[in-house]
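Presented below is the structure to which this report refers.
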Amino acid sequence: MNTIKTTVTAQNLEGAFAGESMAYMKYSYFAKLARAMGDEATAAAFEETAKQEIQHAFGHLDLLYPAAQLNPAKMLEIAIAGETYEYTEMYPKYKKMAIYEGQADAVKEFEEQIAESQAHAAAFAQVLEKAAKRFAALAKVEERHANHYRQRLAQVVAVS
Ligand SMILES: [Fe+2]
Ligand SMILES: [Fe+2]
């Protein structure tokens, strides 16, 4: 059986997730512009629909990243991989093309995003490192508890 990660349906879900996420951002942006243009009713309509797009995107994520298969460390690793892809491959490639096409504003935008993605990856890596230490400390506490129970069990067995 194909797992969801390897199917065309998984790719379609990724595409649908991207589309719904973009719809949320676009409608939020349009709402901001409509409000600045003095059209409160149109701004409210965009905001109301944008909220629904968030739920559509979450629905796709439930299938793409099932909660039962995740834990904080795994989620941090996924986030670090995504940010690392952005600053090592995606934005450098985009920047190169923007330079080639003489799009100075886009070059600046991509350079800023390279720095941002790098900072995000580093911040997530730091959280992951701290979490790993926390898990290690917790494991020690659990081991102490287990040893304590084992000792107690041996005493109970000895007197019975
Ligand atoms: Fe939608
Ligand atoms: Fe980011």
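Using R0 = 41 Å, the C-beta based FRET efficiency linking residue 10 and residue 148 works out to 0.30.
Ordered from largest to smallest accessible area (heavy atoms of protein chains, 1.4 Å probe), the residues 24, 29, 91 come out as 29, 24, 91.
On a C-alpha basis, how far is the centre of region 19-46 from the centre of region 70-116 in Å? Whole number, if you could? So the two Cα centres are separated by 26 Å.
Entry note, the chain: the mean residue ellipticity at 222 nm calculated from DSSP H runs of n ≥ 4, each adding -39500 (n - 2.57), is -30000 deg cm²/dmol after division by the residues and rounding to the nearest 500.
Suppose the chain between residue 156 and residue 75 were pulled fully straight at 0.36 nm per residue; how much longer would it get relative to their current alpha carbon spacing?
Numbers: separation 81, 0.36 × 81 = 29.16 nm, distance 4.31 nm.
Going from the current span to full extension adds 24.8 nm.
Legend: calculated FRET efficiency, residue 41 to residue 134, from the Cβ-Cβ distance at R0 = 45 Å, rounded to 0.05, equals 0.35. Around residue 73, under 13 Å between beta carbons, what's the net of Lys plus Arg minus Asp minus Glu among the other residues? Within the 13 Å Cβ shell, the charges total +2.
Each Cα pair under 8 Å and six or more residues apart adds its sequence gap; the mean of these over the residue count of region 1-70 is a relative contact order of 39 percent.
Let me have the relative contact order for the chain, percent, based on Cα pairs under 8 Å that are six or more residues apart.
Numbers: 102 pairs, mean separation 29.2, N = 160.
About 18 percent, as a whole number.
Of all GluC sites (Glu not before Pro) in region 96-160, which ones are in loop regions per DSSP and have a Cβ with at most 15 other Cβ atoms within 10 Å?
Working: sites: 101, 109, 111, 112, 116, 129, 142, 143; in loops: 101.
Hits after loop and neighbour filter: 101.
At full extension, residue 115 and residue 52 could sit 19.5 nm farther apart than now, given 0.36 nm per residue minus the alpha carbon distance. Computed about its Cα centre, the charge dipole of region 1-70 is approximately 180 debye, with only Lys, Arg, Asp and Glu carrying charge at their Cβ.
The values are calculated or read from the model by the stated rules, or taken from the named source; none is laboratory data. Bear in mind the structure is a predicted one, so any value in this text is a computation, not a measurement. Here the Cβ is made from the backbone with ideal geometry for all residues, glycine too, and neighbour counts use every protein chain on show. Ligands, DNA and RNA are excluded from the accessible area calculation, which covers all protein heavy atoms including side chains. Shrake-Rupley method; radii C 1.70, N 1.55, O 1.52, S 1.80 Å.
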